[in-house]
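Have a look at the structure below, then the notes.
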Amino acid sequence: MGGETPETTVGVDVGGTFTDVVLLRDNSLVTAKVPSTADQSVGVMDGIEKACEKAGVAPDTIDDFAHAMTVSVNALLEEDGAKTALVTTEGFRDVLEIGRQERPSLYDFDADKPTPLVPRRRRFTVDERATPEGITESVDADALDDVVASVKESEAEAVAVCLLHAYAHPENESAVASVLDDELDVPVSVSHEVLAEFREYERTSTTVADAYVTPAIDAYIGRLVDRAADAGVPEPSVMQANGGITDATTVREHAVRTCMSGPAAGVVGARASVGDVAADRDLTGLVTFDMGGTSSDVSLVRDGDVEQTTNAEINGRPIKTPMVDVTTVGAGGGSKGWVDPGGALRIGPESAGAEPGPVCYGRGGTVPTVTDANVVLGYIGDSTSLGGELSIDVDAARDSLAELADEAGLDGPLDAAQGMYRVANATMTRAIRAVTLERGYDPRNFGLVAFGGAGPMHAAALADRLDIGTVVAPRACGVLSAFGLLAADEKHDAVRTRRQSLASVDVSNVEAAYDELEASVRDECSDPEAAVVTRRADLRYAGQSFELTVAADRPFDPETAKERFHAAHENTYGYRMDESVDLVNVRAEAVVERPDPSVSYDAPGDAVVDEREAHFADGSYATTIYDRERLPPGETVSGPAVLEQDESTVVVPPAWEATVRVDGSLVLTEVTA
């Protein structure tokens, strides 16, 4: 994966509604968008063929292929993964069911906890015991034979093995996994390989999730590799949730790492394409806003780095592997509008998807969506060609909004469309506040990077609600997650728990753990010599039950780590304490850098293509329609205006203006009186 940029590279991101493709050849960017398919590999190859046709190249000339998909996250959200068994320590069979004491709805007597991915009848135990200090009781071979027989009888399609304290002493767990591997013809996920970190519930949950999605990922990647080979396309590298790519074989062995790979690619694409805007405008960072067909994803880029977390949840279940820190809400272009029993207008989370899609697609959809609302508002017109080929039925969209207006007691389709637009924006505003204000950041000090098919239509309105003064729409904003795949570095992570007080820390023990981690992540790299390894440490005040991650020096310096933790705690929570500081986990990350894609932009000018009425918060305006790809660098467009391109549309409201940067990206700013 290292070395010079190949002559022809392609990135393909599968979303809930569309599959996006970016092809880069000799600094020339070609984009394509096709409907996602039930077997995602079919849509991927359809998209590659469409992009190659537009670029005038054959698929077998592609040198590098990077990919992000939703197979694993869909399996977790829809709960249709493999029939999974769990093997754990005697007495810990119900860890998945008990979980933690936190309750998301403390006073709701009818609140439901997520159903465990492994039902109790497929949870099996072995009589063994380890402590953080070592093994106190080994696994009995005869008893293990009984467990193997029970797993076979359960007809499990995958097995998760998570024994007590295996993160520190995995000998028993390795013995159990070895026997299961030998006796069963199903994948076995082992906790000390998936997540070598303490906290039994989270480690068990993550290991079970890995087992649950592994058969689906393995089968999907296998189909995609075969289809790609038939077309002469190289084997794909795959985006992980941590924002880095890796080879297909690694993903098939560590399937849980692919959760949220598409949203991660979008944030990486935002950083790579317009990350310099923050420095140019003296901003704290960028809020990334990706509004697709099914949902909207929000994240942060600060100091040039993508924000990460190890405390993610998917469908209420903890997944502790490193991920780009993304907040997702169920409001996308395909989100359906409906009226609740109290008569209030609602949006989502149910989506029309790609088939039948919004009513305006003319494919059989009958329920109005956010896209239909944007059509009625004039942001999308009958001359608009979504994806370069999908025509718009304005009358059908208006009729569907008229029915919704009658149900909600509103004054016609325009009133309903404006209501849907406001409700969708309120939902997305809450998501942006969640990653800024609720974490101690003032959104007014950030720029807003809008992408996805629908994001740039809503971005200026969101910025107005949050007093954000700068909105950026990258050139490839409609397919930015696919573009991010071309910009992503290869990345591998590892963690080990080493709990001890910094005041009495055994530095040699910590160094030994770091050396072990560094060897592990280098070994996973395609070019170990080119890898740059970064060390980090999870620290907390004595008595706390949560940690903050800070940079760690080489060799490990307890005093420096402590000062960094005090500063991080004060920055995050507004105060520091006099309590002693504990080391909890040590982490290593190996990165093999790839050059950022270089894209040329040359527009011919004469970009005005039409004029139509569009409706904004302060009234209706005759609005100029531009072909965005014809706007030359340096040109400024005053609102109200709509800037169209094949995969996305940018709305510039009244009192805003958009300036074209040299790379074709747009910077929207509010015009001061």
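Summary table below
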item	result
Taking the stretch 64-178 and dividing mean pair separation by its residue count, relative contact order in percent (alpha carbons under 8 Å, at least six apart)	34 percent
Simple spin-label estimate for THR572 and GLU183 in nanometres, 7 Å along Cα-Cβ	4.3 nm
Gyration tensor (alpha-carbon) shape descriptor, the stretch 335-423, a/c threshold 1.5	prolate
Set of the stretch 528-564 residues, backbone N closer than 15 Å to the point 7 Å along the Cα-Cβ line of ASP596	none
In nm, spacing of pseudo-spin labels at ASP142 and GLU155 (7 Å Cα→C-beta vector)	3.2 nm
5 Å-binned pair-distance histogram of the stretch 511-604 (Cα, whole percent)	3, 12, 19, 16, 13, 11, 9, 7, 4, 3, 2, 1, 0
Folded to 0 to 90 degrees: helix 455-466 orientation relative to the chain principal axis, Cα	80 degrees
Tensor-based shape of the stretch 171-269 (alpha-carbon gyration tensor, a/c under 1.5 rounded, otherwise prolate or oblate)	oblate
Protection-proxy order for peptides 8-16, 189-197, each taking the mean of Cβ atoms within 10 Å per residue, highest first	8-16, 189-197
Theoretical FRET efficiency, 1/(1+(r/R0)^6), r = Cβ-Cβ of GLU559 and THR131, R0 35 Å, to 0.05	0.70
DSSP bridge pairs, the chain: antiparallel proportion in percent, nearest 5	75 percent
Shape call, the stretch 398-507: gyration tensor on alpha carbons, a/c limit 1.5	prolate
Mean projected area in nm² (Cα convex hull; one quarter of hull surface) for the stretch 533-672	14.5 nm²
Rg(Cα)/(2.2 N^0.38 Å) for the stretch 608-670, N = residue count	1.05
Cβ-Cβ FRET estimate between GLU171 and ALA603, R0 fixed at 60 Å, reported to 0.05	0.40
Ordering of 49-61, 473-485, 291-303 by packing [mean C-beta count within 10 Å, highest first]	473-485, 291-303, 49-61
Percent breakdown of C-alpha pair distances by 20 Å bin, ordered from the shortest bin, for the chain	18, 50, 28, 4, 0
Acute angle (nearest 10 degrees) that the helix 200-231 long axis makes with the longest principal axis of the chain, alpha-carbon atoms	60 degrees
Among 64-76, 176-188, the order from most to least packed when residues are scored by Cβ within 10 Å on average	64-76, 176-188
Within the chain, helix-based [θ] at 222 nm, where runs of 4 or more DSSP H residues each add -39,500 (n - 2.57), nearest 500	-10000 deg cm²/dmol
R0 of 41 Å, Cβ-Cβ distance ARG430-ARG223: FRET efficiency to nearest 0.05	0.60
Gap separating the Cα centres of the stretch 211-282 and the stretch 485-520, nearest whole Å	24 Å
ARG302-ALA542 pseudo-label distance in nm [points 7 Å out on the Cα-to-Cβ vector]	2.8 nm
The chain: angle of helix 40-55 to the longest principal axis, Cα-based, in degrees nearest 10	50 degrees
Among the listed pairs LYS113/LYS336; LYS54/LYS491; LYS113/LYS562; LYS33/LYS113, those beyond 29 Å (Cα-Cα)	LYS54/LYS491; LYS113/LYS562; LYS33/LYS113
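FYI, it's all coordinate maths here, none of it is from the lab. Since we're looking at a predicted model, the values are computed, not measured. Heads up, the Cβs are rebuilt from the backbone with ideal geometry, glycines too, and the neighbour counts pull from every protein chain shown.
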